[in-house]
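Data first, discussion second: the structure below is written as structure tokens.
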Amino acid sequence: MIRRVGFFLTLAGLLMPASAVCTAQEHMNYKPTLESLDSHPLPQWYAGAKLGIFIHWGLYSVPGWAPLSHPEHDFTNVDYIKSNPYAEWYLNVMRIPGSPTQAYHNEHYGANFSYYDFAPIFNRESKKWNPDEWAETFRDAGARYVVLTTKHHEGFTLWPSTTVNPNPSIPQNERHAERDIVGELTAAVRKEEMKMGLYYSGGYDWTFNSGPIETPPDYESVKPESKAYGDYAFAQIHELINRYHPAVLWNDIDWPKTGQPMQVEADYYNTVPDGVVDDRFGIKHADFISPEYQKLDKIAAKKWEECRGLGRSFGYNRAEGEAETIASADLISLLVDIVSKNGNLLLDVGPEDDGTIPPVQMERLKALGAWLKQNGEAIYDTVPWERAVGKTVEGDDLRFTRKGSDLYATILGTPKVRTATIDGVGARPGVRVTMLGDAKQLDTKAADGNLQVTLPEHLPGNYAYVLKLAGYAR
């Protein structure tokens, strides 16, 4: 993963028209043109899903380490590149002379231990992995879809790819996992009635590059654009499309111009009509935009999805702990904020090499799942209201969502007092106000043109509290 330099989002305080969201996608014959691709409507399942789980798992999960010296992500900084906190970039950073990752690698494995020597270890340890346990964990966390990294920048695939990698320096048995991890997880996720998506690193494949990224200009120079790589990426992503029919086709960095990106997307839509693609294929078409460790400051007309790790890294980093992991209250506030602005949250877990999800990450997933079990009504299948952000007169932060004629006002954090006077929301006759998790109707009154709600004496749940104003948005 990498946040692209100069990434720009066009925002608007408008909702997507209903015609842009499809409930039952009709099969069309999509062609490799922008006009044809842009006719693809956003599927209702994706618009309403709100929460997905991202998984970064691969050879980098064996060393599972990156330095913690840079809490903020800044790929324009040369020192940051040398001390990259993304553990999935281990191969790149271990090749930079004098980097902390190179020192770590030499100390723990030796200078002559190749990155691809991790393959036998990963294959041995991943035999312990249980895909059904993952799927149950993600379902219980409240996810509606899952996206697995099938090939990260180091080129190692999590399915038995039949496309021949022409790099002779990497043994064939170290180029893909022994288990069909993609297939096994796809089956497990679908059994739990979630959608299954697949990530593929099209812009980078370090098996086609000799040197590491050391400075910002290198980001472009190391993108392979040869016909050999274009044909390779085209063949591999078609393996994924045709074998697994992913509901999300999540490309990273860019797509080689030699790899026919518009043909890839047309073929995908013709195979999976209700699928979605991100905005990282290097063309002007996308079903959603994908800010990384960034959220938007207002409602966006275009559907968007923030991707981020529970910690600072996507891949497993054994150096991370409680301090580097987003707090449960902050995670829930983040989800609510994103959904109020027409977004989804793609929340990443970084498993260890044997598939174990670190305990600190499991704690966050359980807290999120418990909150959504009580309050998911205000999240799933909602649309933004006329505004996303508000406050109570008492000083509590609010986020708004809407479903039909019902308005939801989520109080972020614990209310300061027993009343919530919603600034800019007036009292209306016939509106019934409750707090999710407590069916009792709450007392309300008009207060200087605003709606004042008397909150329950004992608040249900934790972290954030949802007021449901039934019939308010009619």
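The set of residues from region 398-411 being free of Cβ contacts under 8 Å to residues at least 40 places away in the same chain and either out of contact with any Ser or Thr (no Cβ under 6 Å at 6 or more places or on another chain) or in a loop (DSSP other than H, G, I, E, B) (or both) comprises just one member, 398. Selection of region 119-157 for residues being among the hydrophobic types (A, V, I, L, M, F, W, C) and over 17 Å from residue 51 (Cα atoms) yields 119, 121, 122, 129, 156. Counting the residues of region 114-161 that are assigned to a loop (DSSP other than H, G, I, E, B) and of a type outside the set (Asp, Glu) gives 15. The lone criterion from (1) exposed (fewer than 14 other Cβ atoms within 10 Å of the Cβ); (2) touching a helix residue (DSSP H, G or I) at 6+ places or on another chain (Cβ under 9 Å); (3) not in a helix (DSSP H, G or I) left unmet by residue 380 is number (1). Scanning region 314-331 for residues that are crowded, with 24+ Cβ neighbours inside 10 Å and closer than 19 Å to residue 138 by Cα turns up 314, 315, 316.
The rows are residues; the columns are (1) surrounded by fewer than 18 Cβ atoms within 10 Å (Cβ to Cβ); (2) closer than 27 Å to residue 85 by Cβ.
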residue: 105; (1), (2): no, yes
residue: 110; (1), (2): yes, yes
residue: 117; (1), (2): yes, yes
residue: 126; (1), (2): no, yes
residue: 130; (1), (2): yes, no
residue: 143; (1), (2): no, yes
residue: 146; (1), (2): no, yes
residue: 149; (1), (2): no, yes
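Identify, by number, the condition in (1) under 16 Å from residue 398 (Cα atoms); (2) in a loop (DSSP other than H, G, I, E, B); (3) out of contact with any Phe, Trp or Tyr (no Cβ under 8 Å at 6 or more places or on another chain) that residue 462 doesn't meet. Here residue 462 clears every test but (3).
None of the figures in this text is laboratory data; all of them are computed from the coordinates on show. Since the structure is predicted, the reported quantities are computational estimates derived from the model, not experimental observations. Heads up, the Cβs are rebuilt from the backbone with ideal geometry, glycines too, and the neighbour counts pull from every protein chain shown.
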